[in-house]
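Q: Could you have a look at this structure, given as structure tokens, before my questions?
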């Protein structure tokens, strides 16, 4: 649970921000790190100066072009829901500044590279925090950064489901969850305002959980704060256990409103000299390459690797060739997906400084197909309202749900409901005709990508 600081403390912080802004303006573009009261102040030598609370490890100030972007509320930008108290240290390693905040067995790193408008980060977390999730939440001033790059989100409507989904006055629904994209598609996401933008570089995801298609919150907008997230682990429909170790490098990238530069996206400067606990250099890693086949034409062939320590993924090219680099040594379960549908598996062994070879062919389901509704790709794509479901609650006014009769051979897949919602659009009837010579035993396969509260299809 997060607890707001008393108003008296808020006034003290506001005064500290005012004083800091006044005394530090002449120091802009002077690369270095200093101690100012209860703050460790980092000047990136570009147009960004940020400050870390020396007592708890939160970021409490982010001044880009002398414009304070940190929220006006009392909470800082922080790992998890804050460390409470932490041992904070800073050191300069050549053209890089590393600020570390250690609490228990967790260490949060803030990294500045000389001349870049960026705060790079890494989180060493060998065990899962009691809160049950691992995330970094950046709390930004919503008045200065009101717009989300992905699906706009808002917490200003009426709650529909818990305190996470809201009904807006016009009948649309909104939620922080609708800002999510699949991990394999989400390299960078951000928020912006007039002449300024802040992006979250998701970076190295090898210690994440859930696989390439897992999605989690990217942004959340409240009346005073726009929250920008990197979720490294949560129980939001999670399918895997927490992976301990060094999460990242990830980071916050500051621009004048445009997309981040290639230099900002480059984290190759991070190496063993920075002293990050759990860091494994490229010469201690291996790779995997090969060719996959048998995936339905027109569907992407996605390759996933996973074990208890790490996970990786890649998409094969049109010939089925793929490569995954930078893999920690070990034995992995390799999975081939037809879009998001698992179609084959095998084990592979990865060694440092070597490239393993592995081919994999999709397994064809047994039997002769009589009829089919939609495409077996692990998603509800093509069904009714499937395009809206990633960004709207089923109760949204843009979706209507009624019981449907689907006639094989004449109905379109777009008339078949993407959601089976008990008491709202159930039951769904499927009509088909068999000739007298075709009457025999058949197997009905139903591909269900997601259920809630243990729901399962029932056939009658």
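Only the coordinates and a few stated rules stand behind these numbers; no lab work does. If you're wondering where the values come from, they're calculated on a predicted model, not measured in any experiment. Reconstructed Cβ throughout: ideal geometry from the backbone, glycine too, with neighbour counts over all protein chains shown.
Q: Can you give me the distance in nm between label points at residue 411 and residue 291, each placed 7 Å from the Cα along the Cα-to-Cβ direction?
A: It works out to 4.2 nm between the two label points.
Q: Further, regarding this structure: Restricting things to Cα coordinates, could you compute the convex hull volume per residue of the chain in Å³?
A: Details: hull volume 74.9 nm³, N = 460.
Taking the convex hull of the Cα positions in the chain, it is 163 Å³ per residue.
Q: Using the 10 angstrom Cβ neighbour count as an exposure proxy, how do 456, 398 rank, fewest first? Present the calculation step by step, with values, prior to reporting the outcome.
A: Values: 456 8, 398 11.
Ordered from fewest to most neighbouring Cβ atoms within 10 Å, 456, 398 come out as 456, 398.
Q: Still on this model: For every helix of n ≥ 4 consecutive DSSP H residues, a contribution of -39,500 (n - 2.57) applies; sum these over the chain, divide by its total residues, and give [θ] at 222 nm rounded to the nearest 500 deg cm²/dmol.
A: Numbers: 2 runs with 22 residues, N = 460.
Calculated at 222 nm, the ellipticity per residue is -1500 deg cm²/dmol.
Q: For the stretch 32-274, calculate the relative contact order in percent as a whole number, restricting contacts to Cα pairs under 8 Å that are 6 or more residues apart. Intermediate values should be presented prior to the final figure.
A: Numbers: 602 pairs, mean separation 45.6, N = 243.
Taking the mean separation of contacting Cα pairs over the length of the stretch 32-274, I get 19 percent.
Q: For residue 266 and residue 424, FRET efficiency with R0 = 41 Å and r from the beta-carbon atoms, rounded to 0.05?
A: 0.25
Q: Can you give me the Cα centroid spacing of the stretch 188-208 and the stretch 290-324 in angstrom?
A: The distance from the Cα centre of the stretch 188-208 to that of the stretch 290-324 comes to 26 Å.
Q: Just want to confirm a number: the relative contact order over the stretch 282-361, from Cα pairs under 8 angstrom separated by 6+ residues, in percent. Kindly include the intermediate steps, with their values, before the conclusion.
A: On the way: 200 pairs, mean separation 32.8, N = 80.
Once normalised by length, the contact order is 41 percent.
Q: Principal axis lengths of the stretch 365-459 from Cα atoms, whole Å, largest first?
A: 46, 25, 22
Q: Can you sort 74, 411 by how many other beta carbons sit within 10 Å, fewest first?
A: Least crowded to most crowded, the residues run 411, 74.
Q: Using 7 Å Cα-to-Cβ label points, what is the residue 308/residue 277 separation (nm, one decimal)?
A: Calculated label separation equals 2.1 nm.
Q: Rule-of-thumb check for the stretch 32-274: C-alpha Rg over 2.2 N^0.38 Å? The partial results should precede the final answer.
A: Values: Rg = 17.1 Å, N = 243, 2.2 N^0.38 = 17.7 Å.
Relative to the 2.2 N^0.38 Å estimate, the stretch 32-274 comes out at 0.97.
Q: Then there is this: Using 0.36 nm per residue of separation minus the Cα-Cα distance, give me the extension gain between residue 224 and residue 237 in nm, one decimal. Spell out each step's value before the answer.
A: Numbers: separation 13, 0.36 × 13 = 4.68 nm, distance 2.86 nm.
Gain in length upon complete extension: 1.8 nm.
Q: I'd like to know how the stretch 194-342 sits against the 2.2 N^0.38 Å rule of thumb: what's its Cα Rg over that expected value?
A: Working: Rg = 17.4 Å, N = 149, 2.2 N^0.38 = 14.7 Å.
For the stretch 194-342, the normalised Cα radius of gyration comes out at 1.18.
Q: Could I ask something else about it? Starting from the Cα coordinates of the stretch 122-248, work out the convex hull volume and express it per residue in Å³. Numbers along the way, then the final one.
A: On the way: hull volume 14.5 nm³, N = 127.
Cα convex hull per residue, to the nearest whole number: 114 Å³.
Q: Here is a further query. If one computes the Cα centroid of the stretch 246-273 and of the stretch 109-160, what distance in Å separates the two points?
A: 15 Å
Q: Let me ask another. What is the extension gain from residue 355 to residue 440, computed as 0.36 nm multiplied by their sequence separation minus the C-alpha to C-alpha distance, in nm to one decimal? Could the numbers behind the result be given before it?
A: Details: separation 85, 0.36 × 85 = 30.60 nm, distance 5.05 nm.
Extra length available between residue 355 and residue 440 comes to 25.5 nm.
Q: While we're here: Working from Cα positions, state the angle (0 to 90°, nearest 10) between the long axis of helix 7-24 and the longest principal axis of the chain.
A: 70 degrees
Q: At a 10 Å Cβ-Cβ cut-off, how would you order 401, 371, 421, fewest neighbours first?
A: Values: 401 17, 371 9, 421 13.
By the 10 Å Cβ count, ascending, the order reads 371, 421, 401.
Q: What's the Kirkwood radius of the stretch 282-361 in Å, using all Cα pairs?
A: Values: mean 1/r = 0.0803 Å⁻¹.
In the stretch 282-361 this quantity evaluates to 12.5 Å.
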